[in-house]
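Asker: A single structure is presented below for examination.
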Amino acid sequence: ILGEHLRICPQGYTCCTSEMEENFANKSRSEFEAMMKEAGRSVQATLTAQHRSFDSYFQDLLNKSEKALYDAFPSMYGELYTQNVKVFKDLYSELRRYYRSSNINLEEALNEFWTRLLERLFKLLNPQYHITDEYLDCMVKHAEQHRPFGEVPRDLKVKATRAFIAARSYAQGFLVGSDVVRKVSQVSLSHECTRAIMKLMYCPHCRGMSSVRPCNNYCLNVVKGCLANQADLSTEWKYLMDALMGVADRIDGPYNVDTVIGTIHVRISEAISNLQENKDSITSKVFQGCGNPKISTKGSSSEDKKRRGKVTLEAKSSAQALEMLVLDAKGNLTALKTYWITLPSSLCSKKVMASSASDDKCWNGMTKGSYLPEVMGDGLANQINNPEVEVDITKPDMTIRQQIMQLKIMTNRLGNANIGNDVDFQDTSDDMSGSGSGDSCPDDVCGKRLSKSPSTRQPETHAIPKQSGHGVHGASSRSLPSASLLLLLWVAVIAAQHLWR
């Protein structure tokens, strides 16, 4: 029949009614959106699997270290350990909370641990004296000078902070990447794009050419026009992949999590042994600075049986497993770098089943023949002269612009982690600070202790949406120069949304 009634397909002779054309348009739209989601799910699965592998490895390191401490310390230190089990449990609890992105200041958590441990051990090692809280306050003020635990606290704080910052940012980077793909894959097609996809995929059916495949360059122009905004993710996406690989090298190199996290219990043992071996000297120095405490009326009942026999703690290395994890991750990240700009050609060749580039008997949008127009470049700005899709380059998709900002923020965070710094991205949608923990220290103790060992470095705070942002307190106020700029850009994007509308 004559095709004068057709609104999308060429109006020559046709076998399609208006209703058939509309049905084809709806079908092509749903099929193309399904293609996008399927391609996205594959990337999501890769990133999620990488996160799961590393997260499992890291949690296992912490669990093994904690178990080794619980297994060895009772026989090594007796009452010095059994009367202070909670101090050790609290430490590992705080370390886990930090890694899971709770609102924890890692430096303060470590300082608090050494302070509480020193107070408890000092009293146990000097049971013949009545040591008050005020006396302990004085002792703690002189602790840095006397170094009762040797160099362990300072060394562990530097190494553990860097390792945890790197590990947490690394794990978080995979989740942010996956979430960006999920959200972008759900962006609906525009009206103009729906028409172009219909013309590409089903107008040949209306001309009795159902077996004729679309010309490859024709398909590329349609898909590049439809996914112009998505292609603009490419630059920041590549930066995120590179940043993740950079942190991966740190995790398996200078900030080696296997060496640092897997040996926490060994370092604590070294610290306690140092205190025991230098007990008399340290006690004497404390007495000189704070005065002699009163003799306890209870007497010196038990200084605990001295367990001076050398018990060697071993930390089983899983360095090979870490190396394999990093190698696998870097391979996958390299393969994903070009995802957004190769997506059109991937969809055309694998999903739309376009013809080869040299085919001159393909569907060109009007009939069976060759396709002459040149292929457009990638991204929104390059679609101004797209012959197949009418694209308004002055109106970027806001969902995608927001995801570009997410990528910038996460990349900046990984850049900071790469040099051992942390930036505090508070999750404004979750009130993490209010979640109670049954094994945390009492308010009267924690409140008093924090005043003794304040963190000298305060993290910067920026807002980040729920999926990738988490409350963090970290090691430094120094951050890459772009951190503040990113926040301003974020505000500008939201403001511009109203102008574009």
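Asker: For VAL187, all conditions in the list (1) under 38 Å from the mean Cα position of the chain (by Cα); (2) in a loop (DSSP other than H, G, I, E, B); (3) without any contact (Cβ under 8 Å) to a residue 40 or more places away in the chain hold save one; what is the number of the exception?
Answerer: It is condition (3) that VAL187 fails.
Asker: Can you work out which of the residues in the range 350-378 that are open to solvent by 30 Å² or more (accessible area, probe 1.4 Å) and outside any loop (DSSP other than H, G, I, E, B) is modelled with the lowest pLDDT?
Answerer: Only one residue fits best here, namely LYS350.
Asker: For the range 212-226, check the following and say yes or no: at least one residue is touching a residue at least 40 places away in the same chain (Cβ under 8 Å), over 16 Å from THR194 (Cα atoms), polar (S, T, N, Q) and open to solvent by 10 Å² or more (accessible area, probe 1.4 Å).
Answerer: The answer is yes, given that some residue of the range 212-226 is touching a residue at least 40 places away in the same chain (Cβ under 8 Å), over 16 Å from THR194 (Cα atoms), polar (S, T, N, Q) and open to solvent by 10 Å² or more (accessible area, probe 1.4 Å).
Asker: Follow-up question, since we're still on this one. Hand me the list of helices (runs of 4 or more DSSP H) wholly inside the range 1-117 holding 2 or more residues that are more than 19 Å from the chain's Cα centre (by Cα) and free of Cβ contacts under 8 Å to residues at least 12 places away in the same chain.
Answerer: 18-77, 79-82
Asker: A further question on this structure: Right, VAL212: touching a Phe, Trp or Tyr at 6+ places or on another chain (Cβ under 6 Å), of a type in the set (Val, Ile, Thr) and not in a helix (DSSP H, G or I) or not?
Answerer: Yes, satisfied.
Asker: Would you say THR394 is at pLDDT 90 or above, in a loop (DSSP other than H, G, I, E, B) and open to solvent by 20 Å² or more (accessible area, probe 1.4 Å)?
Answerer: The answer is yes for THR394.
Asker: Is it the case that GLN402 is open to solvent by less than 20 Å² (accessible area, probe 1.4 Å), at pLDDT 95 or above and not in a loop (DSSP other than H, G, I, E, B)?
Answerer: no
Asker: When you go through (1) open to solvent by 10 Å² or more (accessible area, probe 1.4 Å); (2) assigned to a helix (DSSP H, G or I) one by one for PHE164, which number turns out not to apply?
Answerer: Of (1) open to solvent by 10 Å² or more (accessible area, probe 1.4 Å); (2) assigned to a helix (DSSP H, G or I), only one is false for PHE164: (1).
Asker: Filter the range 141-156 for residues that are modelled with pLDDT of 90 or more and surrounded by 18 or more Cβ atoms within 10 Å (Cβ to Cβ) and give the result.
Answerer: Hits for the range 141-156 are PRO148, PHE149, VAL152, PRO153, LEU156.
Asker: Still on this structure, I have one more. Is it the case that the range 247-254 has a residue that's outside any helix (DSSP H, G or I), touching a residue at least 24 places away in the same chain (Cβ under 8 Å), over 17 Å from ARG120 (Cα atoms) and over 21 Å from the mean Cα position of the chain (by Cα)?
Answerer: no
The values are calculated or read from the model by the stated rules, or taken from the named source; none is laboratory data. Nothing here was measured: the structure is a model prediction, and the numbers come from that model. Heads up, the Cβs are rebuilt from the backbone with ideal geometry, glycines too, and the neighbour counts pull from every protein chain shown. These area figures cover heavy atoms from the full protein model, side chains too; ligands, DNA and RNA do not enter into them. Shrake-Rupley method; radii C 1.70, N 1.55, O 1.52, S 1.80 Å.
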